[in-house]
Amino acid sequence: MSFIRKPIDFLLSKLNRGHEQSVELKRNILVSVIIKFFSLALGLFYMPTILTYVDKSLLGIVMTLDSFVTWLYLADIGIGNGLKNHLTAAISLNDTDRAKRLVSTAYVALFSIMFVVFIVASIAATFINWNSVLKVDIDSQQLLWSVRFIIFSLLMSFCVRLINTVLQANQMMFLNGITDLVIKVLKLLTILVAIRISTASLFKYVLIDHGIPLIVLIIFSVILYSTIFKQYSPSPKLFCKDEVKNITSLGFKFFFVQIAAMVLFTTDNIIITRLFSTADVTVYNMARHYYSQAQTIFSFVSAPMWTAYTKAYVREDFTWIKSITKKLTKIGGVLAVLIVIMFIFHKPVIKFWLRGKIELPMLLAIFMGISIMLQIFITPFSLFSNGVGKIKLSMVVSPIVIVANIPLSILFAKPLGMGIAGVIAGTAVCNLASLILSSIQYHKIVNHKATGIWNQ
């Protein structure tokens, strides 16, 4: 059995070699790669199966509704991201009592906020003519109940996803990958059953698409807080007003950055619906899904980096920070080449993958590839600035992005005649500006030359 043992021993020697923090990262990355491999393989069947159950117009409706409702995430006022940095610091200092207090406070605060938001949003949804907003003709009651359930499930899942912050702080993000894989498997199996036993409807698909992830996340959280994260298990009794201030003082800064991200990545579906149709939303998102596989590969490495940067910065280990960022940039370069290859072969691949049900316009394929490429290169720098809490620059840039993205997308799409490709072209311009500024800030900080807004 030496032919099996030797490669395993070689792999283990590589994994256990180098900086302590690098060893930790490599182990997480290896497990994540294995999990993501199965997730990607499953994805080959996932979208074609969905399109067998629902047509692209119905799928486009759900995608657009998600874009509207996702704005409710802003109601967390940055609590999740604020918790991430403070929790990582507490765990690094072995302060378990504070870590549990932070987790408990975050859960109580978020559930309280989301309860109020749900009541207000569900009432407000009643007074909106969703058929008019979406430019569709569908049963109004079914549409309204679909909206209400999406609101409920997204707000609830946002709360229970705090477990991901605990995973990140403990450098165990691979467990989140397992959860996502389980969700995909269950959704796929449920849709396969639904195809055989019932006709498709908007509300049925919404129940599958949003209900299953929520149930899995709740079960996943209960299991983890009962076992390996028992020391952080949240309790309402440990709610602390002072910790709310600590979390939100940093969280408010992330809040503004979240707004920019929401504008960049959620308004596209809304713009396309208003300018074109819900069917075009599906085409647009299939293009994003296709190229984002490269981004998914990058997430194997980048997922644990936020908290890893936090730990290294606290220890003033700038040598490691520079080294790991260079490696991430090189990986990004390799993935950029992969995106070019994906573009060259996108027509036959898309035809095979989606069984000829959807074709991508050439301009859409080009600009979606460019946009995903830019997002990959931005990631190391944004994770660094977030991890060390130096995000004032992002706070200043965010309003500019908000103001620029929507009119740029509309300009490219309609007056310049680029169609739905123009929407992602506008986003790509904003991504390019963000890449330039974030890279400048990174180099200033790691070389101890950052002053003023670059160091805040």
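Size of the range 84-138 along its principal axes in angstrom, Cα-based, largest extent first?
Computed over the range 84-138, the largest-to-smallest principal extents equal 57, 19, 13 Å.
Give me the extension gain from residue 145 to residue 41: residue separation times 0.36 nm, minus the current Cα-Cα distance, reported in nm with one decimal.
Difference between extended and current length: 34.1 nm.
What's the local net charge at residue 456, with K and R +1, D and E -1, over the other residues with C-beta under 13 Å away?
+4
So for the chain, what percent of the C-alpha to C-alpha distances run longer than 37 Å?
26
Among 297, 453, which comes first, then next, by fewest other beta-carbon atoms within 10 Å?
Arranged by neighbour count, lowest to highest, 297, 453 become 453, 297.
Between residue 449 and residue 124, with labels modelled 7 Å along Cα→Cβ, what's the label distance in nm to one decimal, could you check?
So the two model labels end up 4.5 nm from each other.
In the neighborhood of residue 437, defined by Cβ-to-Cβ distances under 14 Å, what is the net charge if each Lys or Arg adds +1 and each Asp or Glu adds -1?
Net local charge, residue 437 excluded: +3.
Relative to the Cα centre, what is the charge dipole magnitude of the chain, using +1 at the beta carbon of each Lys and Arg, -1 at the beta carbon of each Asp and Glu, and rounding to the nearest 20 debye?
Dipole of the chain, to the nearest 20 debye: 960 debye.
Give the shape of the range 320-404 as rounded, prolate or oblate, defined through the alpha-carbon gyration tensor: a ≥ b ≥ c are the square roots of its eigenvalues, a/c under 1.5 means rounded, and otherwise the shape is prolate if a/b is larger than b/c and oblate if not.
It is oblate, given that a/c is not under 1.5 and a/b is not larger than b/c.
Taking the Cβ of each residue in 184, 36, 241, 135 as the centre, tally the other Cβ atoms inside 10 Å and list the residues starting with the fewest.
Ordered by Cβ neighbours within 10 Å, fewest first: 241, 135, 184, 36.
Any chance you could run the full-extension gain for residue 319 through residue 344? It's 0.36 nm times the residue separation minus the Cα-Cα distance, nm to one decimal.
Gain on extension, residue 319 to residue 344, equals 5.2 nm.
In degrees between 0 and 90, to the nearest 10, how far off the longest principal axis of the chain does helix 96-126 point, with axes built from Cα atoms?
20
Helix 174-197 against the longest principal axis of the chain: what's the angle in degrees, Cα atoms only, rounded to the nearest 10?
With both axes taken from Cα atoms, the answer is about 20 degrees.
At 20 °C and a viscosity of 1.002 mPa s, what translational diffusion coefficient does Stokes-Einstein give for the range 142-277, taking Rh as the Kirkwood radius over Cα pairs? Give it in µm²/s as a whole number.
120
Hey, which lysines would be in cross-link range of residue 56, C-alpha to C-alpha under 25 Å, not counting anything within fewer than 8 residues on its own chain?
Within the straight-line limit of under 25 Å, residue 56 reaches these lysines: 135, 184, 187, 204, 347, 351, 357, 414.
Between the range 338-403 and the range 90-163, what is the separation of their alpha carbon centroids in Å?
About 26 Å separates the Cα centre of the range 338-403 from the one of the range 90-163.
Using 7 Å Cα-to-Cβ label points, what is the residue 352/residue 115 separation (nm, one decimal)?
Output for this residue pair reads 5.3 nm.
Summing +1 for each Lys or Arg and -1 for each Asp or Glu, what net charge is found among the other residues whose Cβ lies under 13 Å from the Cβ of residue 208?
Around residue 208, the charge tally is +2.
Which of 79, 423, 174 sits farthest toward the positive end of the charge dipole of the chain, with +1 on the Cβ of Lys and Arg and -1 on the Cβ of Asp and Glu?
Comparing the listed Cα positions along the dipole, 174 ranks first.
What's the ranking of 115-125, 302-312 by average number of surrounding C-beta atoms within 10 Å, highest first?
Most protected by this proxy first, the peptides run 302-312, 115-125.
Would you calculate a helix-derived [θ] at 222 nm for the chain, using -39,500 (n - 2.57) for each DSSP H run of n ≥ 4 and dividing by the full residue count, to the nearest 500?
One gets -27500 deg cm²/dmol as the mean residue ellipticity at 222 nm.
From the square roots a ≥ b ≥ c of the eigenvalues of the alpha-carbon gyration tensor of the range 42-138, which class results: rounded (a/c under 1.5), prolate (a/b over b/c), or oblate?
oblate
So what's the angle, to the nearest 10 degrees on a 0 to 90 scale, between helix 420-446 and the longest Cα principal axis of the chain?
For 420-446 against the chain, the angle is about 10 degrees.
Taking 20 Å as the cut-off for C-alpha to C-alpha distance, list the pairs among 84/311; 84/253; 253/322 that go past it.
Listed pairs above 20 Å: 253/322.
Of the listed peptides 157-170, 325-338, 384-397, what is their order by residue-averaged count of other C-beta atoms within 10 Å, with the highest listed first?
157-170, 384-397, 325-338
We did not get these values from a lab; they are worked out from the coordinates using the rules stated. Here the structure is a predicted model, which is why all the values come from computation and not from measurement. Reconstructed Cβ throughout: ideal geometry from the backbone, glycine too, with neighbour counts over all protein chains shown.
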